[in-house]
Amino acid sequence: MMRKRDHDTVSPPNERMSSKSAPSDSDSEVETKRRKKNSLNFLALVCSPEVENEKISLAKKARKNVKCLIPQPPNTEALNNTPNVIKCTKRSARSEIGIRGWISLNYRFSNPAFSFTPDPESVSHIAHHTFWPSSDADTVPRIDYAKTTTTEFIKAFEQPAIPVVITGATDSWPAHANWKPSNLLEKYPSEKFKVGEDDDGDSVYLSLAHYFYYALAPGKPKKSQPRSLSKSASFARSVIADARYDDSPLYIFDSRFGERTKGNSGGLGLPSCATKELLEDYVVPKYFRDDLFRLVGDRRRPPYRWVVIGPARSGTGIHVDPLGTSAWNSLIFGHKRWVLFPPRVPKHLVDPRGLTDHEAATWFAEAYPQIVHSSTKDVSGKTLAERLGMIELLQKPGETVFVPGGWHHVVMNLDFAVAVTQNVMTRTNFEFVYLKTRFSRPKLAVKLISQLKKLAEGTNFADLVENKYLYPTWDVVDNDNWDITKLPASYFRKFLNSIQAQTAAAVVVVARIVIAVIQIVIVVVDNQIAV
């Protein structure tokens, strides 16, 4: 799974729009007006009262569960400057909308668990709905991690490329205790995590103490608020540093957490541990351990694992994971809403032009209603969503979602959520991923093949990987002979021959196409000369 522009090979379609220079005040006002106008056009998601009450009940229940996670902020004067820190971070991450553009779409009022009463005139265009899905929307199958072997998983889901939710994979993870916000804040208060990128493509970081102050909003919203938040004298302190007001809040999506080996005290004066210790709190599920990208080392391979933390309405817009890789996403706390489309679906149908931005909340608010609307039904009575093969799921704490390569997907947090996710290239999807890697990252592909040749010659797999996976005693492992580190050289020789044969066939096809194009050009040129 990847966050916008967090990958160095393929920019996913959910990149934030950015400009090369900071916009003027007039530009920001025009952009804010445009966003408000767009918000008037889409929020007509009509739900029956019964369904709407069910969604509200789910959201309020989740809100109660989140309250017990909220940590007490550290007692330090450095946090007094949090509003200014958040303001600067927002300007760097999304310079195109201006600081007041973060609240211009009023998505906060779509959450029935948000405790203050909005001014009715400021949100009269918003239908009474919530981003929470109805209970019957989730049709994705569930499997038990302890009862489903790797072979069974591959045959039933990975080979046919079918999304699935895995239950029980995280039951023994220390992350369930160690990743509670209070424990994270105690151990990593000064550690900076990536929350976006600026216009130059440089990462934007925020310390965990500042981020939790913003994302978990220790102060309560007022029961009522000014008619215009943007003109309020207390706008900066009460709104900028409170994620509950933002349409699409800042989102920790950090791919380097497993590489930082030294803690720092930053400007907060609070000593922290190295974030690499987070790797000790979880283990890669057994279905995804034959990750062949391990052979090229972490320095060469593209970003592939992320710790993801964010409040309600944060998330990733519609995209396809790079290089055809599959992905798994394990949720520790909170709830996530997913929508997925099969690889055959054209991009323009799931990521239509004209959206206010490419954020997950905007997709669910603007694109989703268009896709599921009854006006899109054909003669058979199927909506556009049904014809496209769209599937939805509500990911709950402790569940792991498997996303096959090539599937379009959009993910949004419904409440404060903490998760870990990783992209993999397994033996099952190797041929597809390798062909894409060969085109996009030729040097990486060459290194990968050279490592496979060493395996085919009898070199031990463990001797070729820099980052060796540890399988703790608290992990569930089955004995169906799928451990890649124990496969004989004959297996890799056969595997390598298959890849080389497919590559040769692809080269022949490309060569024939090139020859055909050249012949057409020659004929056209000859005709022009003759004329």
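Among the residues of the stretch 449-463 satisfying the criterion of being surrounded by fewer than 16 Cβ atoms within 10 Å (Cβ to Cβ) and at pLDDT below 85, which is nearest to the chain's Cα centre (by Cα)?
Ala462
Within the group Gly315, Gly297, which residue is small (Gly, Ala, Ser), closer than 27 Å to Leu349 by Cβ, out of contact with any His (no Cβ under 9 Å at 6 or more places or on another chain) and open to solvent by less than 10 Å² (accessible area, probe 1.4 Å)?
Details: Gly297 fails: closer than 27 Å to Leu349 by Cβ.
Result of the check over Gly315, Gly297: Gly315.
How many residues are at pLDDT below 80 and either of a type in the set (Asp, Glu) or more than 17 Å from Ser314 (Cβ to Cβ) (or both) if we restrict to the stretch 110-146? Break it down stepwise before answering.
Step one: list which residues in the stretch 110-146 are at pLDDT below 80, which gives 110-130, 135.
Add one more test, that the residue is either of a type in the set (Asp, Glu) or more than 17 Å from Ser314 (Cβ to Cβ) (or both), and what stays is 112, 115-129, 135.
Qualifying residue count, the stretch 110-146: 17.
Taking the stretch 371-384, which residues are out of contact with any strand residue (DSSP E or B) (no Cβ under 9 Å at 6 or more places or on another chain) and either among the hydrophobic types (A, V, I, L, M, F, W, C) or surrounded by 13 or more Cβ atoms within 10 Å (Cβ to Cβ) (or both)?
From the stretch 371-384, those out of contact with any strand residue (DSSP E or B) (no Cβ under 9 Å at 6 or more places or on another chain) are 372-384; that's our starting set.
Of everything in the stretch 371-384, those that are out of contact with any strand residue (DSSP E or B) (no Cβ under 9 Å at 6 or more places or on another chain) and either among the hydrophobic types (A, V, I, L, M, F, W, C) or surrounded by 13 or more Cβ atoms within 10 Å (Cβ to Cβ) (or both) turn out to be Val372, His373, Thr376, Lys377, Val379, Thr383, Leu384.
Given the criteria touching an Asp or Glu at 6+ places or on another chain (Cβ under 6 Å), open to solvent by 20 Å² or more (accessible area, probe 1.4 Å), touching a residue at least 40 places away in the same chain (Cβ under 8 Å) and not acidic (Asp, Glu), does Arg427 qualify?
Here the answer is yes, as Arg427 does meet what is asked.
What is the residue count in the stretch 138-152 for residues that are crowded, with 17+ Cβ neighbours inside 10 Å and not acidic (Asp, Glu)? Steps first, answer last, please.
To start, the set of residues in the stretch 138-152 that are crowded, with 17+ Cβ neighbours inside 10 Å comprises 138, 140, 143, 145, 148, 150.
From what is left, the residues that are not acidic (Asp, Glu) are 140, 143, 145, 148, 150.
Final tally of qualifying residues: 5.
Of everything in the stretch 239-259, what is open to solvent by less than 50 Å² (accessible area, probe 1.4 Å) and in a loop (DSSP other than H, G, I, E, B)? Give them in sequence order. Outline the logic, then answer.
Going residue by residue through the stretch 239-259, those that are open to solvent by less than 50 Å² (accessible area, probe 1.4 Å) are 239-255, 257-258.
Result: Ala241, Asp242, Asp246, Asp247, Ser248, Pro249, Leu250, Tyr251, Ser255, Phe257, Gly258.
So how many residues does the stretch 239-289 have that are of a type in the set (Gly, Ala, Ser) and in contact with an Asp or Glu (Cβ under 6 Å, 6 or more places away or on another chain)? Step through it out loud before you land on a result.
Applying the first criterion (of a type in the set (Gly, Ala, Ser)) to the stretch 239-289 yields 241, 243, 248, 255, 258, 263, 265-267, 269, 272, 274.
Going one step further and asking which of them are in contact with an Asp or Glu (Cβ under 6 Å, 6 or more places away or on another chain), we end up with 248, 255, 272.
Residues in the stretch 239-289 being of a type in the set (Gly, Ala, Ser) and in contact with an Asp or Glu (Cβ under 6 Å, 6 or more places away or on another chain): 3 in total.
Give the number of residues within the stretch 173-183 that are without any contact (Cβ under 8 Å) to a residue 60 or more places away in the chain and either crowded, with 21+ Cβ neighbours inside 10 Å or farther than 26 Å from Asp254 by Cβ (or both).
So the count comes out to 0.
Is one or more of the residues making up the stretch 279-290 more than 28 Å from Arg313 (Cα to Cα), of a type outside the set (Val, Ile, Thr), open to solvent by less than 30 Å² (accessible area, probe 1.4 Å) and at pLDDT below 90? Please lay out each step first, then the result.
From the stretch 279-290, those more than 28 Å from Arg313 (Cα to Cα) are 280, 286-290; that's our starting set.
Applying the additional criterion that residues be of a type outside the set (Val, Ile, Thr) yields 280, 286-290.
Filter once more, keeping what is open to solvent by less than 30 Å² (accessible area, probe 1.4 Å): 286-290.
Keeping just the survivors that are at pLDDT below 90 gives 289-290.
Checked against the condition, which is being more than 28 Å from Arg313 (Cα to Cα), of a type outside the set (Val, Ile, Thr), open to solvent by less than 30 Å² (accessible area, probe 1.4 Å) and at pLDDT below 90, the stretch 279-290 yields at least one hit.
Quick one: would you say Leu388 is free of Cβ contacts under 8 Å to residues at least 60 places away in the same chain, surrounded by fewer than 23 Cβ atoms within 10 Å (Cβ to Cβ) and more than 29 Å from Arg294 (Cα to Cα)?
yes
Of all residues being under 18 Å from Ile391 (Cα atoms) and open to solvent by 10 Å² or more (accessible area, probe 1.4 Å) in the stretch 153-172, which is farthest from the chain's Cα centre (by Cα)? Just the residue, please. Spell out the reasoning first.
Going residue by residue through the stretch 153-172, those that are under 18 Å from Ile391 (Cα atoms) are 156-158, 160-166.
In the following step, the residues that additionally are open to solvent by 10 Å² or more (accessible area, probe 1.4 Å) were identified as 156-158, 160-162.
Values: Ala156: 25, Phe157: 21, Glu158: 20, Pro160: 23, Ala161: 19, Ile162: 19 Å.
Filtering the stretch 153-172 for residues that are under 18 Å from Ile391 (Cα atoms) and open to solvent by 10 Å² or more (accessible area, probe 1.4 Å), the one farthest from the chain's Cα centre (by Cα) comes out as Ala156.
Is the stretch 321-336 home to any residue that is touching a Phe, Trp or Tyr at 6+ places or on another chain (Cβ under 6 Å) and modelled with pLDDT under 95? Step through it out loud before you land on a result.
First, pick out the residues of the stretch 321-336 that are touching a Phe, Trp or Tyr at 6+ places or on another chain (Cβ under 6 Å): 324, 328, 332, 334.
Still in the running and modelled with pLDDT under 95: 324, 334.
Scanning the stretch 321-336, I find at least one residue that is touching a Phe, Trp or Tyr at 6+ places or on another chain (Cβ under 6 Å) and modelled with pLDDT under 95, so the answer is yes.
Give all pairs with beta carbons closer than 9 Å in which a residue from the stretch 504-529 that is touching a residue at least 40 places away in the same chain (Cβ under 8 Å) meets a residue that is surrounded by 10 or more Cβ atoms within 10 Å (Cβ to Cβ) and assigned to a helix (DSSP H, G or I); count only pairs at least 6 apart in sequence or on separate chains.
Note: pairs meeting the criteria are Ala506/Leu435; Ala506/Arg438.
The values are calculated or read from the model by the stated rules, or taken from the named source; none is laboratory data. All values derive from a computational prediction rather than experimental measurement. With ideal geometry, Cβ positions are generated from the backbone for all residues, glycine too; neighbour counts draw on all protein chains shown. Just the protein is used for accessible areas: all its heavy atoms, side chains included, with ligands, DNA and RNA removed. Shrake-Rupley method; radii C 1.70, N 1.55, O 1.52, S 1.80 Å.
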